[in-house]
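A short write-up of the structure that comes next.
The values are calculated or read from the model by the stated rules, or taken from the named source; none is laboratory data. Not measured: the values here are computed from a predicted model. We place every Cβ from the backbone using ideal geometry, glycine too, and count neighbours over all the protein chains shown.
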Amino acid sequence: MELSDLEGAARRFVRECRDIKSLSANTISAYEQDLAEFEVFFGAEEVGSEIDVTLVGDYIQWLRERRELKPATIRRRIACLKSFCRWLKEQGLALQSPFDEKTIVVRIPKRLPRALTRSQASQVAKAVSEEPRVAGVPRRGDAMLSQHDPLSDPCDPRVTTHLAVSLMLASGMRVGELTAIRLGDIDPTCSVINITGKGSRERTVFLTNARLVHVLRRYIAALVEHCAADNVLLRNARGRALTPQALRLRLRKLGDRLAFSQRLTPHRFRHTAATILLEEGVDIRYVQRLLGHSSISTTEIYTHVTDVSLRQALERADVVGRVGI
C-alpha cells in the first residue's frame with residue numbers, strides 16, 4: 001500500500017466512523033491523531049507496502065524508542081490500528097489483518113487510581129473559596145459554593161470552578177462529560193443530569209446534596225438571564241464554553257498553590273468520588289453505573305485504594321491487643 005493510498009484510506013475510515021458509526025467527537029479526534037502518527041512512521045521508515053505482523057512490531061518499537069510514548073498511549077495507537085486494519089479487510093483493500101495472525105498485546109503497568117484524601121479534597125474546597133474577591137460577587141459564609149452569588153456573574157471563574165469541582169465529586173463524571181453538559185441535559189429540578197459518556201453511551205447521574213442543587217438552579221437562572229443562549233452549562237470568563245483544557249489548567253494551578261505532591265487533575269476528583277462511595281459502603285454495582293464503566297472489573301480497581309481505610313480500621317480495632325494475646 002502506497003503512502004497516498006494509506007492517507008486516503010485513513011480519511012475514509014475516519015469519515016465512516018463519524019458519519020455512519022456516529023462515534024463521539026473525542027473518539028474521532030483520537031483516531032485522527034493515531035492514524036496521523038502511523039502515516040508518519042509508514043512514510044518515514046523504510047517499510048514495505050503491506051501492513052503485516054512484522055511492521056506492527058516495528059511500529060510499536062518506533063513508538064516506544066523514537067517517539068518515547070507511554071505504554072498507555074502506545075496501546076491506544078495499536079488499538080486504533082487494529083480497527084483500521086479490520087476495516088481495510090472489510091473494504092477489500094487488504095487481504096488480511098495482521099491482528100488476525102497473531103495476538104498483539106501492549107502491556108501497561110497497573111497503577112492504582114490517584115484519589116485525593118478527604119483532607120486534600122477539603123483543602124481544594126477551602127482554597128477555591130479563599131481566592132481574591134471579584135467586584136460585585138458578595139461573600140456569604142465559609143462553605144464551598146455558598147459564598148459566591150451565581151446571579152452576580154455566572155461566568156466568574158470562581159463560580160464555575162466551584163460548580164465544576166462539586167459536580168465531579170458528586171457524580172464522578174469525566175471532564176469531557178462535564179464540559180459537554182447542555183442545559184437541556186438537566187431536568188427542571190436540577191437534581192438529575194443526563195450524561196453522554198465514552199462510546200456515546202448515555203447514563204443518568206443524580207445530585208442529592210440540597211445545597212449543590214440549589215446553587216445549580218440559581219446558576220442556570222443567571223445563565224438564562226445574563227449570557228448568550230447557546231445552551232452550554234459551564235462558561236469561561238468571556239461567556240464562551242469552558243473547555244476541558246481550560247479547566248485542567250485551573251486545577252493544575254490550584255494544585256501548585258496547595259503544593260500537592262501529585263498534579264491536581266479533573267480525573268482525580270472522579271477517583272475521589274468512587275473511593276469515598278466505596279468507603280461509605282455503596283454497592284460497587286451502583287458505583288459502576290454512576291461512573292459509566294462498561295465492565296465492573298474497571299470499577300474493582302478502586303477496592304484496592306480503599307485497602308488503606310481497611311488497614312486504618314484494623315489498626316484502630318487492634319483485635320489481638322484487645323484480647324490480650
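Is it fair to say Arg289 is surrounded by fewer than 20 Cβ atoms within 10 Å (Cβ to Cβ), within 14 Å of Ala121 (Cα to Cα) and either touching a Gly at 6+ places or on another chain (Cβ under 7 Å) or not assigned by TED's automatic domain parsing to the domain that holds Leu163 (or both)? Here the answer is no, as Arg289 does not meet what is asked.
Any idea which residue in segment 13-28 is modelled with the lowest pLDDT, counting only those that are in a helix (DSSP H, G or I) and loosely packed, with under 13 Cβ neighbours inside 10 Å?
Start the filter on segment 13-28 by keeping residues that are in a helix (DSSP H, G or I), which leaves 13-19, 25-28.
Subset that is loosely packed, with under 13 Cβ neighbours inside 10 Å: 15, 19, 25.
Values: Arg15: 95, Asp19: 93, Ala25: 83.
By that ranking, first place goes to Ala25.
For (1) within 23 Å of Ile20 (Cβ to Cβ); (2) among the β-branched types (Val, Ile, Thr); (3) surrounded by fewer than 17 Cβ atoms within 10 Å (Cβ to Cβ), each residue gets a yes or a no:
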site: Glu39; (1), (2), (3): yes, no, yes
site: Gly43; (1), (2), (3): no, no, yes
site: Thr54; (1), (2), (3): no, yes, yes
site: Tyr59; (1), (2), (3): no, no, no
site: Arg66; (1), (2), (3): no, no, yes
site: Lys70; (1), (2), (3): no, no, yes
site: Cys80; (1), (2), (3): yes, no, no
site: Trp87; (1), (2), (3): yes, no, no
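It is to be established whether one or more residues within segment 39-55 are among the β-branched types (Val, Ile, Thr) and farther than 22 Å from Glu101 by Cβ. Yes, that holds for at least one residue. Residues that are assigned to a loop (DSSP other than H, G, I, E, B) and more than 27 Å from Ala313 (Cα to Cα) within segment 265-294 comprise Thr265, Gly292, His293, Ser294, listed in sequence order. Of the residues that make up segment 12-35, is at least one of a type in the set (A, V, I, L, M), farther than 25 Å from Ala180 by Cα and over 23 Å from the mean Cα position of the chain (by Cα)? Among the residues of segment 12-35, not one is of a type in the set (A, V, I, L, M), farther than 25 Å from Ala180 by Cα and over 23 Å from the mean Cα position of the chain (by Cα), which makes the answer no.
If you take the residues of segment 295-325 that are assigned to a loop (DSSP other than H, G, I, E, B) and at pLDDT below 70, which of them is nearest to the chain's Cα centre (by Cα)? Only one residue fits best here, namely Thr306. Being free of Cβ contacts under 8 Å to residues at least 60 places away in the same chain and under 17 Å from Val165 (Cβ atoms) is the filter here; which residues of segment 195-241 pass it? Matches in segment 195-241: Leu207, Thr208, Asn209, Val213, His214, Leu216, Leu233. Scanning segment 71-103 for residues that are more than 18 Å from Leu35 (Cβ to Cβ) and free of Cβ contacts under 8 Å to residues at least 12 places away in the same chain yields a total of 5. State whether the residues of segment 95-106 include one that is closer than 24 Å to Glu177 by Cβ and surrounded by fewer than 17 Cβ atoms within 10 Å (Cβ to Cβ). No, segment 95-106 contains no residue that is closer than 24 Å to Glu177 by Cβ and surrounded by fewer than 17 Cβ atoms within 10 Å (Cβ to Cβ).
No other residue among Leu254, Leu278 is in contact with a helix residue (DSSP H, G or I) (Cβ under 7 Å, 6 or more places away or on another chain) and in the same structural domain as Val165 (by TED's automatic domain parsing) apart from Leu254. Note on segment 242-264: residues that are touching a residue at least 24 places away in the same chain (Cβ under 8 Å), under 22 Å from Leu163 (Cβ atoms) and outside any helix (DSSP H, G or I) amount to 5.
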